[in-house]
Amino acid sequence: MTAATFQHLDIATLGDWLDADRPLTLVDIRDPASFAAGRIPGSRHLDNAGVPALLAEAPRETPLVVVCYHGHSSQQAAAWLAGQGFAEVYSLDGGFTDWQVRHPDRVEA
């Protein structure tokens with residue numbers, strides 16, 4: 001059996017998926033204050049305390065996208081979540097910082 005892995009997702013592709021209303025679970029692992037100040041619409045905050053609820057609620061067949069600040073720590077989280085049985089797990093390259101630069105009109109507070 002091979003280890004579960006995640007894939008990299010670029011900002012443009014995520015934008016296309018959101019435009020197409022593609023079903024996905026979007027989780028943001030930044031600190032609560034940063035998440036409250038601005039986030040990608042439709043995302044949910046995920047910290048260690050929220051992991052059990054995510055594992056209980058999120059459909060395993062729906063793509064799961066992990067967002068952090070710059071696309072680094074989301075890779076570790078994505079790798080761990082892939083190991084929890086999610087079929088498609090992505091780490092957003094560039095993170096929220098890059099999203100906010102490219103899509104300032106697509107940030108909710």
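The values are calculated or read from the model by the stated rules, or taken from the named source; none is laboratory data. Only a predicted model underlies this, so the values are computations on that prediction, with no experimental measurement involved. Glycine gets a Cβ as well: all are built from the backbone with ideal geometry, and neighbour counts include every protein chain shown. In case anyone asks, the SASA skips ligands and DNA or RNA and just uses the protein heavy atoms, side chains included. Shrake-Rupley method; radii C 1.70, N 1.55, O 1.52, S 1.80 Å.
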Practice task
Could you check how many residues of region 40-57 are open to solvent by 40 Å² or more (accessible area, probe 1.4 Å) and under 11 Å from the mean Cα position of the chain (by Cα)?
Solution key: 3
Problem - Failed criterion for GLY50 (all others in (1) modelled with pLDDT of 95 or more; (2) touching a Gly at 6+ places or on another chain (Cβ under 6 Å) hold) - result: (2)
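Specify which of the listed residues (GLY94, GLY71) is closer than 13 Å to PHE6 by Cβ and either of a type outside the set (Lys, Arg) or surrounded by 15 or more Cβ atoms within 10 Å (Cβ to Cβ) (or both).
Going through GLY94, GLY71 in turn, just one is closer than 13 Å to PHE6 by Cβ and either of a type outside the set (Lys, Arg) or surrounded by 15 or more Cβ atoms within 10 Å (Cβ to Cβ) (or both): GLY71.
So, of the residues in region 1-23 that are under 16 Å from GLN84 (Cβ atoms) and surrounded by 15 or more Cβ atoms within 10 Å (Cβ to Cβ), which turns out to be farthest from the chain's Cα centre (by Cα)?
Start the filter on region 1-23 by keeping residues that are under 16 Å from GLN84 (Cβ atoms), which leaves 1-7.
Add one more test, that the residue is surrounded by 15 or more Cβ atoms within 10 Å (Cβ to Cβ), and what stays is 4, 6.
Values: ALA4: 17, PHE6: 11 Å.
For region 1-23, the residue satisfying everything is ALA4.
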